[in-house]
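See below for the structure under consideration.
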Amino acid sequence: MSSIEKSAVYDVDSSDPQQKLIDRSNMSPEAVAQIGELMSAFGQLREAEEAMSEASQRYMKLNATDMKAIHYLIICKHRDAIGTPGGIAEHLGISASATTKLLDRLEYSQHLTRAPHPSDRRAQAISITPGTYTAAMETVGRQQSRRFHAAARLTSAEREVVIRFLRETRNDITSSASD
C-alpha cells in the first residue's frame, strides 16, 4: 500500500468504486471530494488519538483499561466522590474478578490506594496516588485539554454542527452494528 496515497484510504471513490455501499449518483464530485476530506480528517484525528494514548500508556506503564480506571479515579477526586471497586467495574464494564485483578495490579505498581469506605464498612474507597495524579495531569490531561482549545476556537453554531455530526455518526455506526 506504500504506493497508494494515505488519503486514498478515506476516498469513497477508491473504497467503493461501484457504489455498492454508498450511492453517490445524486452528489456532485465536489461534495464527494469534501466528504472524503472530512473522512480523512476524521481518520487523522483517530490516528493522533491512538498515538497519544499509546505514548501515555508507555509513559505511565499502563494498558488502556488501566488508563480508563485512572481517569475515572481522577474524575472522582475532582468531584469529591469516593471511588469504589463497584463504580470502577461499572465504568469499565468489567466483572468483579477482573476489577480485583486490575486494582491489585494498580495498587502493586503504586498508582492507587485502598482504604475502608467511610460510610459503608463492606466497601473499599479507592484513591489515585499523588504521584500518578500528577503524572496523569501533566501528560494525558495536558494533551486532552488541547481538544477544549480546538472546540473553543469554533463559534457556537459551528460547535452545534460538529456535535450533531459526531452524534449522528455514532448513531449510524452503532445502528449498523446491530443490523
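The values are calculated or read from the model by the stated rules, or taken from the named source; none is laboratory data. Remember, it's a predicted structure, so these values are computed and weren't measured experimentally. Every residue, glycine among them, receives a Cβ derived from its backbone with ideal geometry; neighbour counts consider all protein chains shown.
Kindly indicate whether any position in segment 56-77 is farther than 22 Å from residue 109 by Cβ, modelled with pLDDT under 90 and outside the structural domain of residue 162 (by TED's automatic domain parsing). Explain how you work it out, then say what you get.
Let us first name the residues in segment 56-77 that are farther than 22 Å from residue 109 by Cβ, namely none.
Among the residues of segment 56-77, not one is farther than 22 Å from residue 109 by Cβ, modelled with pLDDT under 90 and outside the structural domain of residue 162 (by TED's automatic domain parsing), which makes the answer no.
In the set 58, 79, 46, which member is out of contact with any Phe, Trp or Tyr (no Cβ under 6 Å at 6 or more places or on another chain), free of Cβ contacts under 8 Å to residues at least 60 places away in the same chain, among the basic types (Lys, Arg) and closer than 15 Å to residue 138 by Cα? Full working, then the answer.
On the way: 79 fails: closer than 15 Å to residue 138 by Cα; 46 fails: closer than 15 Å to residue 138 by Cα.
Answer to the check: 58.
When you go through 51, 8 one by one, which is the residue that is surrounded by 12 or more Cβ atoms within 10 Å (Cβ to Cβ), assigned to a helix (DSSP H, G or I), hydrophobic (A, V, I, L, M, F, W, C) and under 28 Å from the mean Cα position of the chain (by Cα)? Break it down stepwise before answering.
Values: 51 fails: surrounded by 12 or more Cβ atoms within 10 Å (Cβ to Cβ).
Every option except 8 fails the conditions.
Anything in segment 104-116 that is in contact (Cβ under 8 Å) with a residue 24 or more places away in the chain and either surrounded by 16 or more Cβ atoms within 10 Å (Cβ to Cβ) or in a helix (DSSP H, G or I) (or both)? List them, or say none. Before you say what the answer is, go through the steps one by one.
Our first condition is that a residue be in contact (Cβ under 8 Å) with a residue 24 or more places away in the chain; within segment 104-116, this holds for 105-106, 109, 111-112.
Across segment 104-116, the qualifying residues are 105, 106, 111, 112.
Could you tell me whether segment 154-163 includes any residue that is among the basic types (Lys, Arg) and assigned to a loop (DSSP other than H, G, I, E, B)?
Start the filter on segment 154-163 by keeping residues that are among the basic types (Lys, Arg), which leaves 159.
Narrowing the set further to residues that are assigned to a loop (DSSP other than H, G, I, E, B) leaves none.
No.
So which residues in segment 28-48 are of a type in the set (Ser, Thr, Tyr) and surrounded by fewer than 12 Cβ atoms within 10 Å (Cβ to Cβ)? Working first, answer last.
Here is the first cut: in segment 28-48, the residues of a type in the set (Ser, Thr, Tyr) are 28, 40.
The answer is 28, and nothing else.
Tally up the residues in segment 54-75 that are in a helix (DSSP H, G or I) and either on the phi > 0 side of the Ramachandran plot or touching a helix residue (DSSP H, G or I) at 6+ places or on another chain (Cβ under 7 Å) (or both), please. Talk me through it step by step, then tell me what you get.
Quick first cut of segment 54-75, residues in a helix (DSSP H, G or I) only: 54-60, 64-75.
In the following step, the residues that additionally are either on the phi > 0 side of the Ramachandran plot or touching a helix residue (DSSP H, G or I) at 6+ places or on another chain (Cβ under 7 Å) (or both) were identified as 56-57, 59-60, 64-70, 72, 74.
Here the count works out to 13.
If we scan segment 132-152, do we find a residue that is at pLDDT 95 or above, acidic (Asp, Glu) and either surrounded by 11 or more Cβ atoms within 10 Å (Cβ to Cβ) or not assigned by TED's automatic domain parsing to the domain that holds residue 42 (or both)?
Scanning segment 132-152, I find no residue that is at pLDDT 95 or above, acidic (Asp, Glu) and either surrounded by 11 or more Cβ atoms within 10 Å (Cβ to Cβ) or not assigned by TED's automatic domain parsing to the domain that holds residue 42 (or both), so the answer is no.
Only one residue in 68, 77 is of a type in the set (Lys, Arg), over 30 Å from residue 21 (Cβ atoms) and in contact with a strand residue (DSSP E or B) (Cβ under 7 Å, 6 or more places away or on another chain). Which one? First the steps, then the outcome.
Numbers: 68 fails: in contact with a strand residue (DSSP E or B) (Cβ under 7 Å, 6 or more places away or on another chain).
Checking each option against the conditions leaves just 77.
Under 7 Å by Cβ, and 6 or more places apart or on different chains, what pairs join a residue from segment 16-36 that is without any contact (Cβ under 8 Å) to a residue 24 or more places away in the chain with one that is hydrophobic (A, V, I, L, M, F, W, C) and part of a loop (DSSP other than H, G, I, E, B)?
Close Cβ pairs satisfying both conditions: 16/22.
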